[in-house]
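Where a number appears in this text, it was derived from the coordinates with a stated rule and is not lab data. Quick caveat, the model's predicted, so the values are computed rather than measured. Cβ: placed from backbone, ideal geometry, glycine included. Neighbour counts: every protein chain shown.
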Amino acid sequence: MHRSLLFAALSFLPVTAFAADDDAVLSDIDARYDETASVARQLWEWAEVGYQEERSSKLLQDKLSSAGFSIRKGVADIPTAFIAEYGSGGPVIAILAEFDALPGINQDDEPTRAPIEGKNAGHACGHNLFGAGSLTAALAVKDWLAETGTPGRIRLYGTPAEEGGSGKVYMVRAGLFNDVDIALHWHADDENSAAARTSLANRSAKFRFHGQSAHAAGAPERARSALDGVEAFNMMVNMMREHVPQDARIHYVITSGGNAPNVVPDFAEVFYYVRHPDAKGVEDIWTRVEDAARGAAMGTGTEVDWEVIHGNNPLLVNETLAKMMDEKLREVGGVEYTAEEKKFAEKIRKTFDNPRSTLESANEIQPYDRSLGYGSTDVGDVSYAAPTVGVRTATWAPGTSAHSWQAVAASGTSIGFKGAQVAAKALTLAAIELYENPELREAAKEEFDEARGENYKYQSLLGDRKPPLDYRK
């Protein structure tokens, strides 16, 4: 166990000279390192999955409440969702915080493969760091508001179930972002970047086939296999892949396929994701997927129904804000590893076939550009409710992919905690800039209104369903 990596001293690479006020703010965040690390580590150990993050949510709420924030619990009909607010008047700046883990993957804080027996989930996307870093930023902004007497409100949104549960979509749908001026977010990564990167829209559903069971050898003619329905459905969708747009993505897992080969299964289930750069593209492909499900059921003598689990709009980029965030990230700088952290990261990198970057890139800020990202996030829906900007920081050894055991390992160590501190600093400086710069807020709002278009009306990709609080059970 690499406990010495848990609370290693911070050593950030300065890029520019800090203004006096900024220097004081950043020093305040440095002083909070132990708290950032402690919260991140506790969330990492709990590794609670979507809509089941009771302890994780309560920990963040308790920290905010003790610092003087008012708390609204259980918002949008989600027990683990909350809004914490401090201040009065002025602009409302929101900071998003996530804290859900991924099921089916776990890893100790070791640089070689070391699953933890009996643990069924892990922070392979770094949401423990997301929650802790956003908490630190909110506390730092609160202190700045109090000390300067600046009018304004800082809100931290506790947003559950980003991984396939679309927690933020229900919060947007409930109107909880209607009075937000600007929303800030960040994410764990293997590099530092504030580039304007959009995301894919997506929708998921569990397709459930129902047949008739019988003895697979003694009376097969009496049976209708639900698994046949699933396999026929998958085959049809896989053939469809040749005839969808290049940037589309379709993937699935069979979540139930029967229990014994000599019993024809009367129930089978497959869980599908469909992604495309825009919402209409998802809907067009989705219609074809539903038709394939109906055809598969008809051809196998089974019946099928499906439940939409989640759906996210693509991220609406705001370059006015992204360029500002890029400046703040460059002011903060990247992460400098200690000698022990370098050893840990090098061991991690030896597990990769082709590391795409050098270890030193954790210190670097990537060039600013605008690009399409192939992941999906429910932050996309927030970005259609209020001008939104994010940042990514090097919380994992360079070359690490999200949703990997290597990401879980680093997310539980000081490598991850340092990256969370970089994010907290960039978010805090960005928030302060937004409070003090009404012209920037107005320019961001103008770009936001133009990007959404005239007569824009919000529509979610998950319809009017209630939050799927049991989707990970």
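Structure values in brief
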item: Straight-distance crosslink candidates among lysines, where the alpha carbon sits under 30 Å from LYS418 and sequence neighbours closer than 8 are dropped; result: LYS58, LYS63, LYS73, LYS119, LYS142, LYS168, LYS323, LYS328, LYS342, LYS343, LYS347, LYS350
item: Rg followed by Dmax, in Å, when the stretch 201-312 is reduced to its Cα trace; result: 14.9, 51
item: Taking TYR374, TYR51 and counting other C-beta atoms within 10 Å, the order from fewest to most; result: TYR374, TYR51
item: Cβ-based exposure ranking for TRP44, TRP186, in which fewest neighbours within 10 Å come first; result: TRP44, TRP186
item: Acute angle (nearest 10 degrees) that the helix 414-436 long axis makes with the longest principal axis of the chain, alpha-carbon atoms; result: 70
item: C-alpha long axis of helix 279-300 to longest principal axis of the chain, angle in °; result: 20
item: For the stretch 94-158 versus the stretch 245-321, the gap between their alpha-carbon centres in whole angstrom; result: 30
item: DSSP bridge pairs, the chain: antiparallel proportion in percent, nearest 5; result: 65
item: Simple Cβ-charge dipole of the chain, Lys/Arg +1 and Asp/Glu -1, about Cα centre, in debye nearest 20; result: 1040
item: Within the chain, longest stretch clear of exposed GluC sites (Glu not before Pro) (DSSP loop, no more than 16 other Cβ within 10 Å); result: 118-335
item: 5 angstrom amide H check on ALA268, placed H, neighbours 5+ away; result: PHE209
item: Charge tally in the Cβ shell below 11 Å around SER70, where Lys, Arg are +1 and Asp, Glu are -1, SER70 excluded; result: +3
item: Coil-residue trypsin sites (Lys or Arg not before Pro) of the stretch 97-193, DSSP, other Cβ within 10 Å capped at 13; result: ARG113
item: Cα-centred dipole magnitude for the stretch 201-312, charges only on beta-carbon of K, R (+1) and D, E (-1), debye, nearest 20; result: 140
item: Cα-only Debye scattering, the chain: base-10 log of I(q)/I(0) at q = 0.08, 0.09, 0.13 Å⁻¹; result: -0.48, -0.61, -1.18
item: Euclidean distance between Cα centres, the stretch 187-242 to the stretch 428-459, Å; result: 39
